Amino acid sequence: MSEPSATRTAAELRALMARAVREVRETNPLAPSITNTVTQNFVANAQLAVGGSAAMVYLPDEGECVAAMGGALYINLGTLLPIYEQSIPRTARALSAAGKPWVLDPVGVGIGSLRTQLIQTVRDDKPTILRGNASEIIAVAELWGLDSAAASGADGPRGVDTTDSVDAAERAAVAIARFTGGAVAVSGATDLVTDGTSVARLAGGSPLMTCITGSGCSLGGVASVYACVADPFVTALTATAAYNLAGARAAERCTGPGSFQVAFLDALYQLTPEDVAEAPLQLTVL
């Protein structure tokens, strides 16, 4: 098991990030998904681009099956189907029983009763990594009763697009990470990643990432690939750094959102362990 993050310097974390990128390329780990039907293709292609293997499922027994097969699993609540009332709790329980890491993207938390119910249900089978925008992270902390004071930083309703700043979500993110024992990644102009003990801020990316569907969803899918080979904090850092680098490089090559998506997948594919290890990262120990 890895050392607690408080004992790891930025240099040590960078070395672990590079190792995660290298191990994924070498081992091609399977990281199945129950994910947004709008973005399944992009999620799968992003997972393949970083060196992982993808499988998309949605039935309860399939979720339980791939929970045992894969090294980690990704659950995204973007487009819910009635069957998910069974699929997501059963898959989360199977992952918990097997001790497998999993990534949760609570897309649109606060929209509708089923979405709220599902996020509340998986509270007991804790996700290893929670990834979302600032508003989603604040909403989950409130829903789980972890940080009611986080509401003081909220600017508006919850939904797919954030209405809150990344800094406003720091307290909620730290509270969730301490509760789960894993990591939380908050996406924004400057991303925040925490394990409840340390907080990292990672700059980069491109405004064009907000002009395509699935940049956040596919980040969660890529995080699940790295979760197959690394601890939660290193996983979230590696996935976020890779995305920021790929986004910045793709923006230099494209002419608009359509070509950006293609260039982005190419950039993910071309990233080296050294590239990711050298990504901008500011670390603070709490």
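The values are calculated or read from the model by the stated rules, or taken from the named source; none is laboratory data. These numbers come from a predicted model, not from an experiment. Note: ideal-geometry Cβ built from the backbone for every residue, glycine included; neighbour counts use all protein chains shown.
You will find that of Val103, Val50, the residue that is touching a Phe, Trp or Tyr at 6+ places or on another chain (Cβ under 6 Å), closer than 20 Å to Thr213 by Cα and modelled with pLDDT of 95 or more is Val103 and no other.
Of the listed requirements (1) among the small types (Gly, Ala, Ser); (2) modelled with pLDDT under 95; (3) surrounded by 19 or more Cβ atoms within 10 Å (Cβ to Cβ), Ala177 misses just one: (2). Cβ-Cβ distances below 9 Å connect the following pairs, each with a first residue in the range 31-56 that is on the phi > 0 side of the Ramachandran plot, a second residue that is part of a helix (DSSP H, G or I) and surrounded by 21 or more Cβ atoms within 10 Å (Cβ to Cβ), and a separation of six or more residues or different chains: Gly51/Val21; Gly51/Val24; Gly51/Val225. Within the range 215-237, which residues are over 18 Å from Ala54 (Cα atoms) and part of a helix (DSSP H, G or I)? Within the range 215-237, Pro232, Phe233, Val234, Ala236, Leu237 qualify. Has the range 102-122 got any residue that is closer than 13 Å to Pro89 by Cβ and of a type in the set (Phe, Trp, Tyr)? Yes: one or more hits. One residue alone among Val140, Val109 is surrounded by 21 or more Cβ atoms within 10 Å (Cβ to Cβ), within 21 Å of Gly214 (Cβ to Cβ), hydrophobic (A, V, I, L, M, F, W, C) and at pLDDT below 95, and that residue is Val109.
Within the range 12-25, is there a residue that is at pLDDT 95 or above and not in a helix (DSSP H, G or I)? Among the residues of the range 12-25, not one is at pLDDT 95 or above and not in a helix (DSSP H, G or I), which makes the answer no. When Arg123 is tested against the conditions (1) in contact (Cβ under 8 Å) with a residue 24 or more places away in the chain; (2) surrounded by fewer than 21 Cβ atoms within 10 Å (Cβ to Cβ), the lone failure is (1). Among the residues of the range 180-203, the ones that are part of a loop (DSSP other than H, G, I, E, B) and surrounded by fewer than 20 Cβ atoms within 10 Å (Cβ to Cβ) come to 4 in all.
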